[in-house]
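Notes for the one structure printed next.
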Amino acid sequence: MTSELITDIGELRTLDPREAPGDAAAAAVVRHDQALVVEDGRLVWIGTRTDAPDADVRTSVGGRTVLPGWVDPHTHLVFAGDRSTEFVDRMAGRPYAAGGIMTTVRATRAASESDLLTGARAIVDGAAVQGTTTIEAKTGYGLDVATEERLARIAARVADVVTYLGAHVVPDGADRDAYLDLVTGPMLDAVAPYAQFVDVFCEAGAFTPDESREVLLAGRRAGLGLRVHGNQLGESGGVALAVELGAASVDHCNHLSDADVAALAGSSTIATLLPACDLSTRAPFAPARRLVDAGVRIALASNCNPGTSFTSSMQFQVATAVLQQHLTLEESLAAATLGGAAALGLDRGDDAVGSLRIGGPADLQVLDAPTAAHIAYRPGMPLTVATWRRGVRVPAPVNPVRSGSGR
Ligand code: NIG
């Protein structure tokens, strides 16, 4: 069992909720001149650099900033194909609609399992290099039993949490009622062994609130936790449904009535906001400030997918939430760590993620910056220069463009 001392930390943000019970943002307190000791995948010591104990390995971060690894609670990263043409059309004024999902479904059904696995793994590895240490992945680009089961199997190999999203859209040519029977019957049976959550796209062009309730209750009967895609394109009823059923999370939340905000504030459902998706679909930003001011607990996620948000960068979400959605840096950091953990139900017990605390998983990142404020102050810069996941240093990326002999 090798121990590693990570020292010369200029700014440390532990995000330990015990330091500020009930106020996630306050947990982002700054400590200077710190060190950590990692052993057997966990943090065994945190304190002032000059008090640090000996360890087998000593790593100096040279005065840089250390944060918990990001927790990304919403991705659709198992897919094939490209939708850049749809993106370009959108930038030229065509609105986003749920129908584009079928483009990815066709490409995904045609892809081999090994190509899908390679693509998914590349996204997860790329996210880890950028500081993400816990990531969720949804199915939802198969929409038949065999492909949904394949996507779930792949997601379980690369991601920490798997969500079943057979109810993404009714596939072209399918009978609506028959498809709902499939999603709540044989497809659910095939995917549930790999999944922890069930999700539904509760939106015009996808599923109504009543259909969504049916999907979610079937998932609950199969032992899955609940998540909802809600209120992305309009006031879809997804938020109200998520609160009614006690879902762990309702994601998107671009169009919210006062009643939606009040319902979320009185619930344990996390509002998961997806800033890159809002930009990429030219949607009104989810009202992050309004939600936080109302007492709603929020998370930030990348929503990495080929249709609405082809980025795995959590740093980009944090910067955008500060620059465009008027969160403080502390609120934004908390939403991208503790918020994501809560949205995934990974915020309790010894293995809780999203914070740095003695006994907890050694999931951390080093920013090449003297303060965490540089995330928003220097948006778009690749600030994460090292990541430890469960105590293991994430390897540097291999350049996929190889130099040959010159011929
Ligand atoms: O979360 N909104 C629904 N699902 C994805 C987009 C899927 C797609 O367009 O491919 C999302 O944005």
TODO: Report, by chain and number, residues whose modeled amide H sits under 5 Å from the one on T272, excluding near sequence neighbours (fewer than 5 apart, same chain).
DONE: V250, D251, H252, A299
Task: Note, ³J(HN,Hα) from phi for segment 166-173, Karplus 6.51, -1.76, 1.60, rounded to Hz, x at Gly and Pro - done: x, 8, 8, 8, 6, x, 3, x
TODO: With only Lys, Arg, Asp and Glu charged, each at its Cβ (+1 for the first two, -1 for the last two), find how big the charge dipole of the chain is about the Cα centre; round to the nearest 20 debye.
DONE: 880 debye
TODO: Evaluate Rg over Rh across segment 71-343, taking Cα atoms for both radii and Kirkwood's formula for Rh.
DONE: 0.93
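Take each of the peptides 263-271, 160-168, average the number of other beta-carbon atoms within 10 Å over its residues, and list them starting from the highest.
Highest-to-lowest ranking by the protection proxy: 160-168, 263-271.
Got a sec? How would H76, H374 order by Cβ neighbour count within 10 Å, fewest to most?
H374, H76
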- [ ] Determine ³J(HN,Hα), in whole Hz, for all residues of segment 8-24 in sequence, where each value follows from phi through the Karplus function 6.51 cos²θ - 1.76 cosθ + 1.60 and θ = phi - 60°; x replaces Gly and Pro.
- [x] 6, 7, x, 9, 10, 10, 7, 6, 6, x, 5, 6, 8, x, x, 9, 4
Open item on the list: Nearest 500 deg cm²/dmol is fine: what mean residue ellipticity at 222 nm does the chain get from its DSSP H runs of n ≥ 4 alone, each adding -39,500 (n - 2.57), divided by its residue count?
Closed with: -8500 deg cm²/dmol
Open item on the list: Can you order the peptides 275-284, 136-145 by their average number of other Cβ atoms within 10 Å per residue, highest first?
Closed with: 136-145, 275-284
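Place the peptides 44-51, 326-333, 224-231 in order of packing, highest mean first, counting for every residue the other Cβ atoms within 10 Å and averaging per peptide. Present the calculation step by step, with values, prior to reporting the outcome.
Numbers: 44-51: 14.0, 326-333: 22.5, 224-231: 27.8.
Result, highest mean Cβ count within 10 Å first: 224-231, 326-333, 44-51.
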- [ ] Provide the net charge surrounding L67, with neighbours chosen by a C-beta distance below 11 Å and charges set as Lys +1, Arg +1, Asp -1, Glu -1.
- [x] 0
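Each reported figure results from applying straightforward, stated rules to the coordinates on display, with no laboratory input. Predicted model only: the values in this text are computed from it and were never measured. In this analysis, Cβ positions are derived from the backbone assuming ideal geometry, glycine residues included, and neighbour counts consider all displayed protein chains.
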